[in-house]
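Have a look at the structure below, then the notes.
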Amino acid sequence: MRSSRVSGYVFTVIAATCWGLLGPVARVAFAEGVSALEVAFWRAALGGGLFAVHVLALAYGRRIAPSGAHRRLQIHRADMPAIVAFGVIGVALFYGAYQLAVQAGGAALASVLLYTAPAWVAGMGAAFLNEPLTRRKQVAVALTLGGVAAIALGGTAGVTLTVLGIAWGLTSGLVYASYYPFGIYYFERYVPAAVFAVALPVGAVLLAPWIAFTTKSAAAWTALIAIAVVSTYGAYLAYGAALQRLPASRASIVATLEPVVAAVAAGIWWDEDLGLWGYAGALLIVAAGVITAREGEQNSDGKRTEPEM
């Protein structure tokens, strides 16, 4: 039991590291002349292909060794519109907004603003799911707002604090929050890999018309492939493995390492520095995420979710 928990934390750290490297690696592609939306496109297209292969492998495994009850691999026709909508919002808009935030304000800033998602989740839960806006959630929202305000005062070397950069970062956080209500039902009903195998290609198709594709260098392709393999497919797999060993709320607390990894990597690699105010704001936003996750842990029954990726 103890070894299972330890491995769960290890998998969560791996997932947070993979996600945290997304922005710094994307900047390699930007430096090679690849646009933000094209980076988002290849993340969705290549990642979707990897998940499709994964689903085929799972289907083959079930045929040769059927056992027990499984989550569905094949998306039911009635649920397909919702999966497609997730591809529009949770892939095309989310992936695009995040890369535009990285391009406009830097990898560290984009990753920190992404973690405004728990505050958005609290608001969405109160507005649409009849979830009470408890005192803890109110504190988390207040910390998030304070963090964003502090970030607006910060930024030094390598970080461009513009209205556009902050707006795209907040948009990515808002859209990322949609994973919560969507996942409550569809990631429990279907194998998550099956959902991503459909949603990611949908997102890629929607992003394609906005892109002027260019010839890419070997360095650009290396960055794009790394984003798809490490920061998309690998990160989701690691997080799925973590959720087999830890309660979701506890894993989400450890996953707040993501903006820390992004800030450290961006600082070493690209000389990004959020400045004193910026780091203070980042700390407030991460604290808000931890508070929200702790609330979820106290309200849960302690059971683990066991997604079959």
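The values are calculated or read from the model by the stated rules, or taken from the named source; none is laboratory data. Computed from a prediction, not measured in an experiment: that's the story for all the values here. Reconstructed Cβ throughout: ideal geometry from the backbone, glycine too, with neighbour counts over all protein chains shown. Heads up: the accessible areas ignore ligands, DNA and RNA and are worked out on the full protein's heavy atoms, side chains in. Shrake-Rupley method; radii C 1.70, N 1.55, O 1.52, S 1.80 Å.
Within region 180-194, track down each residue that is aliphatic (A, V, I, L, M) and touching a helix residue (DSSP H, G or I) at 6+ places or on another chain (Cβ under 6 Å).
Narrowing region 180-194 to residues aliphatic (A, V, I, L, M): 184, 191, 193-194.
Of everything in region 180-194, those that are aliphatic (A, V, I, L, M) and touching a helix residue (DSSP H, G or I) at 6+ places or on another chain (Cβ under 6 Å) turn out to be Ala193, Ala194.
Given the condition open to solvent by less than 10 Å² (accessible area, probe 1.4 Å) and either within 14 Å of the chain's Cα centre (by Cα) or on the phi > 0 side of the Ramachandran plot (or both), answer yes or no: does some residue in region 163-170 qualify? So that I can check it myself, show each step before the final result.
Keep residues of region 163-170 that are open to solvent by less than 10 Å² (accessible area, probe 1.4 Å), which gives 165, 169.
Remaining after also requiring either within 14 Å of the chain's Cα centre (by Cα) or on the phi > 0 side of the Ramachandran plot (or both): 169.
Yes, region 163-170 contains a residue that is open to solvent by less than 10 Å² (accessible area, probe 1.4 Å) and either within 14 Å of the chain's Cα centre (by Cα) or on the phi > 0 side of the Ramachandran plot (or both).
Go through (1) closer than 14 Å to Ala238 by Cα; (2) modelled with pLDDT of 95 or more one by one and return the number of the condition Trp42 breaks.
Trp42 satisfies every listed condition except (1).
Output yes when any residue across region 146-162 is open to solvent by less than 40 Å² (accessible area, probe 1.4 Å), touching a Pro at 6+ places or on another chain (Cβ under 9 Å) and not aliphatic (A, V, I, L, M), and no when none is.
Scanning region 146-162 turns up no residue that is open to solvent by less than 40 Å² (accessible area, probe 1.4 Å), touching a Pro at 6+ places or on another chain (Cβ under 9 Å) and not aliphatic (A, V, I, L, M).
Which is assigned to a helix (DSSP H, G or I) and under 27 Å from Ile75 (Cα atoms), of Gly147, Gly169, Gly165, Gly183? Show your work before the answer.
Numbers: Gly147 fails: under 27 Å from Ile75 (Cα atoms); Gly169 fails: under 27 Å from Ile75 (Cα atoms); Gly165 fails: under 27 Å from Ile75 (Cα atoms).
It is Gly183.
Hey, can you tell me all the residues within region 255-285 that are assigned to a helix (DSSP H, G or I), open to solvent by less than 30 Å² (accessible area, probe 1.4 Å) and either of a type in the set (A, V, I, L, M, F, W, C) or without any contact (Cβ under 8 Å) to a residue 24 or more places away in the chain (or both)? Write out each step before concluding.
Start the filter on region 255-285 by keeping residues that are assigned to a helix (DSSP H, G or I), which leaves 257-270, 275-285.
This time we only want the ones that are open to solvent by less than 30 Å² (accessible area, probe 1.4 Å), so: 258-259, 262-263, 265-267, 275, 278, 281-282, 285.
Residues satisfying the conditions are Ala262, Ala263, Ala265, Ala266, Ala282, Ile285.
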